[in-house]
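Contents: one structure, followed by commentary.
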Amino acid sequence: MAYVPLADQDHEHELHDPHTFITKYVWSQDHKVIAIQYGGTAILVGLVALGLSVMMRLQLGFPDTFSLIDPSSYYQAVTMHGMIMVVYLLTALFLGGFGNYLIPLMCGARDMVFPFLNMLSFWFYLLSVLILLSSFFVTGGPTGAGWTLYPPQTITPGTPGHETGILLMLISLGVFIVAFTMGGLNYVTTVLQARSRGLTMMRLPLSVWGILTATVLGLFAFPALLVSAIMMTFDLMLGTSFFMPAIMAAGEQLDYNGGSPILFQHLFWFFGHPEVYIVALPAFGLVSDVLSTHARKNIFGYRMMVWAIVAIGGLSFVVWAHHMYVSGMNPYFGFFFATTTLIIAVPTALKVYNWVLTLWEGDIRLNTPMLFAIGFIFTFIHGGLTGLFLGNVVIDLPLSDTYFVVAHFHMVMGVSPVLVVFAALYHWYPKMTGKMMNETLGKLHFWCTFLGTYAIYLPMHYLGFLGVPRRYYAMGSTDFIPESAQALNANITLAALFVATAQVLFFINVFWSLKNGKPSGGNPWGATTLEWQTPDTPPKHGNWGKDLPVVHRWAYDYSVPGYPQDFIPQNVAGDFGVSDDHDHDDAPAKHA
Amino acid sequence: MAIAVVLVLLVVGSVVFHFASPWWFTPLASNWGTIDFTINLTFWVTGAVFVAVNLFMAYCVYRFRHKAGHKAVYEPENAKLEIGLSAVTAVGVIAMLAPGLFVWATFVTVPEEATEYEVVGQQWQWSFRYPGNDGVLGTVDTRHISEANPFGINPEDPNGQDDILVKDPEMYLPVGKPVKALLRSKDVLHNYTVPQFRVKMDLVPGMVTYLWFTPTVVGSYDILCEELCGIGHHVMRGKVVVAEQADYDAWLSRQPTYAQLAGMSAPNAAAGQQQYAVCASCHGQQGEGNPALNAPKLNGLQSWYIERQLKYYQQGVRGAHPDDVYGRQMAPMASMLSTDEAVRNVAAYISQLPVTDAPATVSGNAANGMSIYNANCAACHGKDGKGSWATDAPNLVGMSDWYAYTQLNNFKAEIRGAHSDDDYGEQMVSMATAMRNEEQLNDVLSYINSLQ
């Protein structure tokens, strides 16, 4: 008797359909609804972080004009902006948002394999966000220790929020990690176990590869943050000395002895560096699919792209101390970590080459998602190259802790992933809503964001070359910083205000198109991957109707010679491109 | 189409910006030209890649943009090309990394002849210690730190007795001699940075870190803290003066040793009382102050604060600004104290006076003032407002509020604190901006009035 998976048995996929508004949209176990809950929450909390950055920029650009923040709230803004953007916006949006939406659809699954756990994941995430935001309303306010939370200052007087704010931050991170683990186990298991028939690993779209690898990184990396958060909580609440040596505070000797502040830094960056790739790898994946679709060309060098993702993911665990070259750790570590760090440049550069070579001899449609994707390549090249400065240990000596670092990481893990977020949102919005977004507004949004962010961050590198330190509420008087640096800072602030304001265009577009957008149909871009082949758009609960799709080819059969249209969906059989109808080997090279 | 043009413009614009930018490294003042060389090398390699890849991308976008009837070429991969590009990249990476590692090897190897000095960081001050004639720094421990022994020197250690202590945030180094800076923190992480020297390193409580360099250019350079260390991070400033050997020696000989400071006799308050007679004519017999003469209350202040302010007045650090009307009256009065001894004595006398009440003259929202105070002021002046020797912050409680009002406005207007030798006043210039307006200033003062 032919094997029929449980989910394909007729009576089965009806059973778990939600029937009430609450089960459909609130306590939903549908990965698509959870994705939108995750994404919406992440974007909302991201707007808080955007607001904080505006406050910081106003202080830096026009220190004598605006009366918005004092030194204490400046450092709180610095801290919360960084933590929210890295963890609560980007990690949550890429994995909880795009991961949730795309994994089951791209894998041809009906849902995540543990839908209830998936729902819990979102609610724990929301709880972590609420705990984090509640720190704005407690005595002393949120922690102002910097997003890196380096002890001892995190929990000593002299740092804003050193009592309640930091505790809420640590609890919130703990809850976030619980949420991430529940989601992450789901994503990994779903990719490994619930792929549709014929969908081998080497036929997965790069989006799935990026999200899968990032999730695995997260599952290994977040525990390091969790233990350091727990140990710091003990130092704070129970008076242990994990990270606390014998120190003074306001003329008094504190009751700590023997702990190591550098231990915390190792734990933090053992999480923190993979975290960079937890954000970057999904972006690499998503942008690959956007580029390929709109260039009407297969992603160039798919297998190398996959191995580059895996290699970068692996290497990301052995480079962490490049954040600590001037931390006072044994300086001999510098040799090792500079070498591993610069080795990462090779697979990363290969990815860039392959993106550009995907454009080569393509049939490029310059629509909004594609513009964002191309903008990403530009900003990522820029941010990647400046990473070669900071990774090369001696160059880090003058540049560490200056605005060069701020500019570098904003280019590489701020602007670049955000451009991918927009590329992806413009790209998959039609699938999520059944409506096209407005192209004119979208392009305007792109130009403002792309040019505006470059106007912010290109000059900022030069403040760093000059030696302007980061995390300064006010520069005060120095001999080496000329007056013109303040003028430059004012211009950077103007550009930042412009970019922040321009994001309104995106939100207008999202809501306007929901009502007035042209109906998109199921596959408006002519894309090959499975999510565009669903029977309904937006896909219904269970995604695939009665029968799961069967996959016959890799994810990138665009412009296959001899085929009448310029794409062949993965679930179409036939002797064209890289299909199983004439070759059961997954190696696309054989047909090149 | 537009995007191709814009990509080209951005590449050209970035290159133009680079060459036109007046913002570039400060002139080098140490032996670390090799670091600058590595940076320049990296700049040229990465710059070439930036230009080449982006221009190629712009070309692709232009050349292969969608045209009717056009179809993309089907080419899944090209192993030769990919391996070739990876190899070229690897060569470029090695070209940047190898010199970097060589330079790092010199950085981690301190030359034998380097002399040591110690940099001590605390929230939010620098101080320095030089080995005395024995050339050896005495041992230290956080447990020894007190008002009388701010460096925490082990009193039992003979090596520490002749250690030269510099409590000011200004230090000297001889030009042309390699030095090894030993870095120590009393409280949290800090970072010892002098941009012109290129090298920097964190100060980590519980351990001693180091860096070395040879200052090569005579001059005065800013010391910055570049590791976030609390709300005063941005005001943690110092200066390093690179001087000819003779000037350096002269400066060093003027600094006290640990033994000298520990053995200093207590000030003579009775002698101070004599000197105080002149002060009393304005500040009152009990130091209770006289608003009619714009003389603030003095009793309740710590002696070290009074001493420092008197010296500032004498040296023109304070009371020299043309808009500081009453400060300018005070300066000649302070100069009547002809010796350091006299200053110490009168300060000691004032600090012993019984504390009197100062009537409140401002009114504001004390609850609002409390939140501003606790967030910004308490870190140095204490939650109780009584100040601390550790942060060099004077007592605020029970003092003349009208005077505090004037001084805070003077800080904000840089009438006070802008002088480069007014180390703590400079911090107040920045911190006073925490009171963004008149109303907040009154709120904070009325909160301070409510403190006991």
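Does region A:326-338 include one or more residues that are under 22 Å from the mean Cα position of the chain (by Cα) and either hydrophobic (A, V, I, L, M, F, W, C) or surrounded by 19 or more Cβ atoms within 10 Å (Cβ to Cβ) (or both)?
No, every residue in region A:326-338 fails to be under 22 Å from the mean Cα position of the chain (by Cα) and either hydrophobic (A, V, I, L, M, F, W, C) or surrounded by 19 or more Cβ atoms within 10 Å (Cβ to Cβ) (or both).
Would you mention how many residues in region B:13-27 are more than 16 Å from residue A:483 (Cα to Cα) and surrounded by 13 or more Cβ atoms within 10 Å (Cβ to Cβ)?
5
Of all residues in region B:58-89, which are part of a helix (DSSP H, G or I), touching a residue at least 24 places away in the same chain (Cβ under 8 Å) and not small (Gly, Ala, Ser)?
The answer is B:59, B:61, B:62.
Taking into account only those residues within region A:144-158 that are of a type in the set (A, V, I, L, M, F, W, C) and more than 8 Å from every other protein chain (Cβ to nearest Cβ), which is surrounded by the most Cβ atoms within 10 Å (Cβ to Cβ)?
Pass one, region A:144-158, residues of a type in the set (A, V, I, L, M, F, W, C): A:145, A:147, A:149, A:155.
Subsequent filtering for residues that are more than 8 Å from every other protein chain (Cβ to nearest Cβ) retains A:147, A:149, A:155.
Values: A:147: 19, A:149: 24, A:155: 27.
The qualifying residue surrounded by the most Cβ atoms within 10 Å (Cβ to Cβ) is A:155.
Among B:10, B:55, B:41, which is facing chain A (nearest Cβ under 7 Å), assigned to a helix (DSSP H, G or I) and either aliphatic (A, V, I, L, M) or surrounded by fewer than 17 Cβ atoms within 10 Å (Cβ to Cβ) (or both)?
One residue alone meets the criteria, B:10.
Restricting attention to region A:159-190, report how many residues are within 14 Å of another protein chain (Cβ to nearest Cβ) and either out of contact with any helix residue (DSSP H, G or I) (no Cβ under 6 Å at 6 or more places or on another chain) or part of a helix (DSSP H, G or I) (or both).
Adding up the residues that qualify gives 5.
Filter region B:58-79 down to the residues that are of a type in the set (A, V, I, L, M, F, W, C) and within 8 Å of chain A (Cβ to nearest Cβ), then identify the one that is surrounded by the most Cβ atoms within 10 Å (Cβ to Cβ).
So, considering only residues that are of a type in the set (A, V, I, L, M, F, W, C) and within 8 Å of chain A (Cβ to nearest Cβ), the one surrounded by the most Cβ atoms within 10 Å (Cβ to Cβ) is B:61.
Any idea which of B:311, B:297 is of a type in the set (D, E, K, R) and crowded, with 20+ Cβ neighbours inside 10 Å?
Of B:311, B:297, the one residue that is of a type in the set (D, E, K, R) and crowded, with 20+ Cβ neighbours inside 10 Å is B:297.
With surrounded by 17 or more Cβ atoms within 10 Å (Cβ to Cβ) and out of contact with any Lys or Arg (no Cβ under 7 Å at 6 or more places or on another chain) as the only criterion, which of B:376, B:395 stands out?
Of the residues listed, the single one that is surrounded by 17 or more Cβ atoms within 10 Å (Cβ to Cβ) and out of contact with any Lys or Arg (no Cβ under 7 Å at 6 or more places or on another chain) is B:376.
For region B:336-392, name all the residues that are touching a residue at least 40 places away in the same chain (Cβ under 8 Å), in a loop (DSSP other than H, G, I, E, B) and either under 27 Å from the mean Cα position of the chain (by Cα) or within 12 Å of chain A (Cβ to nearest Cβ) (or both).
B:384, B:385, B:387, B:389, B:390, B:391, B:392, listed by residue number.
Quick one: in region A:513-528, of everything that is within 26 Å of the chain's Cα centre (by Cα) and assigned to a helix (DSSP H, G or I), which residue is farthest from residue A:364 (Cα to Cα)?
Here the residue is A:514.
Here are some residues: B:113, B:82. Which one is surrounded by fewer than 20 Cβ atoms within 10 Å (Cβ to Cβ), acidic (Asp, Glu) and over 25 Å from the mean Cα position of the chain (by Cα)? Break it down into steps so the answer makes sense when it comes.
Values: B:82 fails: surrounded by fewer than 20 Cβ atoms within 10 Å (Cβ to Cβ).
On inspection, the qualifying residue turns out to be B:113.
Would you check if there is a residue in region B:28-37 being crowded, with 19+ Cβ neighbours inside 10 Å, part of a loop (DSSP other than H, G, I, E, B), touching a residue at least 40 places away in the same chain (Cβ under 8 Å) and facing chain A (nearest Cβ under 9 Å)?
For region B:28-37, residues crowded, with 19+ Cβ neighbours inside 10 Å, part of a loop (DSSP other than H, G, I, E, B), touching a residue at least 40 places away in the same chain (Cβ under 8 Å) and facing chain A (nearest Cβ under 9 Å): present.
Would you point out which residue out of B:376, B:410, B:365 is under 19 Å from residue A:251 (Cα atoms) and polar (S, T, N, Q)?
Just a single option satisfies the conditions, and that option is B:376.
How many residues does region B:128-140 contain that are under 25 Å from residue B:232 (Cβ atoms) and surrounded by fewer than 21 Cβ atoms within 10 Å (Cβ to Cβ)?
Qualifying residue count, region B:128-140: 0.
Quick one: in region B:415-444, which of the residues that are in contact with an Asp or Glu (Cβ under 8 Å, 6 or more places away or on another chain) and polar (S, T, N, Q) is surrounded by the most Cβ atoms within 10 Å (Cβ to Cβ)?
B:433
To keep it simple, each residue is scored yes or no on (1) touching a helix residue (DSSP H, G or I) at 6+ places or on another chain (Cβ under 8 Å); (2) not hydroxyl-bearing (Ser, Thr, Tyr).
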site	(1), (2)
B:357	no, yes
B:361	yes, no
B:366	yes, yes
B:373	yes, no
B:376	yes, yes
B:388	yes, no
B:394	yes, yes
B:402	yes, yes
B:405	yes, no
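With the checklist (1) in a helix (DSSP H, G or I); (2) out of contact with any helix residue (DSSP H, G or I) (no Cβ under 6 Å at 6 or more places or on another chain) in hand, flag the one item residue A:416 doesn't pass.
(2)
Can you find a residue that is aromatic (Phe, Trp, Tyr), out of contact with any strand residue (DSSP E or B) (no Cβ under 6 Å at 6 or more places or on another chain) and either closer than 23 Å to residue B:79 by Cβ or part of a helix (DSSP H, G or I) (or both) anywhere in region A:321-331? Can you show your working first?
Start the filter on region A:321-331 by keeping residues that are aromatic (Phe, Trp, Tyr), which leaves A:325.
Checking which are out of contact with any strand residue (DSSP E or B) (no Cβ under 6 Å at 6 or more places or on another chain) leaves us with A:325.
Right, trim to either closer than 23 Å to residue B:79 by Cβ or part of a helix (DSSP H, G or I) (or both) and you get none.
Checked region A:321-331: no residue is aromatic (Phe, Trp, Tyr), out of contact with any strand residue (DSSP E or B) (no Cβ under 6 Å at 6 or more places or on another chain) and either closer than 23 Å to residue B:79 by Cβ or part of a helix (DSSP H, G or I) (or both).
If a residue counts only when it is in contact with a helix residue (DSSP H, G or I) (Cβ under 9 Å, 6 or more places away or on another chain), which helices (runs of 4 or more DSSP H) contained entirely in region B:235-314 have at least 1 such residues?
Ranges flagged: B:258-262, B:269-283.
Can you find a residue in region B:214-233 that is free of Cβ contacts under 8 Å to residues at least 24 places away in the same chain and assigned to a strand (DSSP E or B)?
yes
Name, by its number, the condition in (1) crowded, with 24+ Cβ neighbours inside 10 Å; (2) more than 7 Å from every other protein chain (Cβ to nearest Cβ); (3) within 30 Å of residue B:68 (Cα to Cα) that does not hold for residue A:367.
It is condition (1) that residue A:367 fails.
Confirm whether residue A:349 is at pLDDT 95 or above, more than 10 Å from chain B (Cβ to nearest Cβ) and surrounded by 22 or more Cβ atoms within 10 Å (Cβ to Cβ).
Answer is no for this residue.
When only residues in region B:407-444 that are over 21 Å from residue B:325 (Cα atoms) and assigned to a loop (DSSP other than H, G, I, E, B) count, which is nearest to the other protein chains (Cβ to nearest Cβ)?
Here the answer is B:436.
If a residue must be within 16 Å of the chain's Cα centre (by Cα), buried (at least 21 other Cβ atoms within 10 Å of the Cβ) and more than 7 Å from chain A (Cβ to nearest Cβ), how many such residues does region B:198-222 contain?
2
Please determine, by comparing only the residues of region A:440-454 that are at the interface with chain B (Cβ under 10 Å from one of its Cβ atoms) and surrounded by fewer than 21 Cβ atoms within 10 Å (Cβ to Cβ), which one is farthest from residue A:369 (Cα to Cα).
A:451
Output the residues belonging to region A:306-337 that are facing chain B (nearest Cβ under 8 Å) and either closer than 17 Å to residue A:265 by Cβ or touching a Pro at 6+ places or on another chain (Cβ under 9 Å) (or both).
A:326, A:327, A:328, A:331, A:332, A:334
The values are calculated or read from the model by the stated rules, or taken from the named source; none is laboratory data. As the structure is a computational prediction, the values presented were derived from the model and not from experiment. Positions of Cβ are generated from backbone atoms using ideal geometry, with glycine treated the same way; all protein chains shown enter the neighbour counts.
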